[in-house]
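To start, the structure itself, in structure tokens.
FYI, it's all coordinate maths here, none of it is from the lab. As the structure is a prediction and not an experimental result, all values here were calculated from the model. Methodologically, a virtual Cβ is constructed for each residue, glycine included, from the backbone with ideal geometry; neighbour enumeration extends over all protein chains shown.
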Amino acid sequence: MKDALIWTLVVVMLGAGLWFFHVSGTFLADGDYLAGLLHIFVGLASVKAGVELARLAIVSRIENP
Amino acid sequence: MTRGTLAGLGLGLSALLLGLPLAHLERVAINEPTPAVIVYLLTLLPLPALIAAVHSLHPRFTLFLFPVSHLPALVVEPRLLGPLVYSGGAGFLAQGLICVAFALWIVMVLRAPNREDSAPESPGWLAALGDGGGLVYYPVAILAAFVTAALADSTPGAPGHAQVTILSGALVAGWVGVRWIDGELMRLNQDIERKRRMFAELLVVRRFSPSVFWTFSGVAFALGSLLALVYGGVT
């Protein structure tokens with residue numbers, strides 16, 4: 001149950017990252033580089049949080065098989 | 001080098017050689033027929049070849065089958081290699097990227113450990129998201145997010161902005177894929193698998209022995225019964 005919740009959060013964080021990357025792409029494609037760069041940073045932060053959660057889930061699996 | 005890195009590199013190579021040119025051709029082929037459905041199907045051909053290549057690491061798959069699997073789509077739709085796709089400075093840059101990607105593929109394949117020599121690697125990268133293995137394809141999704149933004153949502157006639165967008169997407173996807181997904185997640189998964197195998201081997205060496213248990217239990221019961229009979233049980 002705990003693992004399922006963590007992996008759900010991982011999917012949500014990574015999905016949010018993908019969304020921010022897509023939005024940043026639209027800003028970059030329209031020439032608004034500052035907005036695009038800021039959205040890239042937000043997306044990277046979201047992905048990093050998701051990756052850390054995934055690390056927690058992997059370690060939790062080995063400790064509680 | 002992990003299989004995840006090789007899978008990501010192979011997917012990027014197929015995207016550069018087939019996926020992006022096909023998407024670009026769809027946009028710029030204004031007065032010409034759009035690519036046929038068969039071309040899109042043939043574009044998916046490298047995927048099973050890549051899975052076979054990454055799983056077996058044998059040269060017949062990595063150096064022959066996977067590269068050759070790109071040819072049918074290029075033969076059926078020769079415009080994928082033509083001036084409609086590769087023209088001007090951007091086309092030259094795209095060709096350079098493809099050459100670099102192919103060179104990286106060959107170098108990493110030649111440096112890959114032989115399957116018979118090395119310890120078996122964790123197959124977690126093929127597993128569902130629960131093992132963290134599915135995340136190896138996440139950098140491709142990142143690149144796709146940027147590419148769709150550049151090709152689908154951008155204003156036609158502004159190629160400079162689209163190129164910056166795709167280049168940014170490649171940089172972000174590369175950073176996330178190599179540093180975070182492969183460097184932190186996949187290696188952690190492999191380390192845990194290795195530790196699990198070491199622990200299992202240790203348990204086998206120092207395992208409980210039924211023969212020793214029954215031998216000593218039998219001796220204790222027999223000797224104890226004898227002593228009870230000789231010294232205390234007989235009245």
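Inter-label distance, B:Arg187 to A:Trp19: 3.2 nm, where each label sits 7 Å from its Cα along the C-beta direction.
Our analysis of region B:1-78 gives Rg over Rh at 1.04, with the two radii drawn from alpha carbon positions and Rh computed by the Kirkwood formula. Under 5 Å from the amide H of B:Leu57 lies no amide H of any residue 5 or more positions distant or on a separate chain, with H modelled from the backbone and absent for Pro and chain starts. Between B:Ala90 and B:Ile51, what's the calculated FRET efficiency when r is the beta-carbon distance and R0 is 25 Å? Round to 0.05. Given R0 = 25 Å and the Cβ-Cβ separation, E is 0.20. Helix A:33-63 axis versus longest C-alpha principal axis of chain A: approximately 10°, rounded to the nearest ten.
Between the Cα long axis of helix A:2-29 and the first principal axis of chain A there is an angle of about 10°, rounded to the nearest 10.
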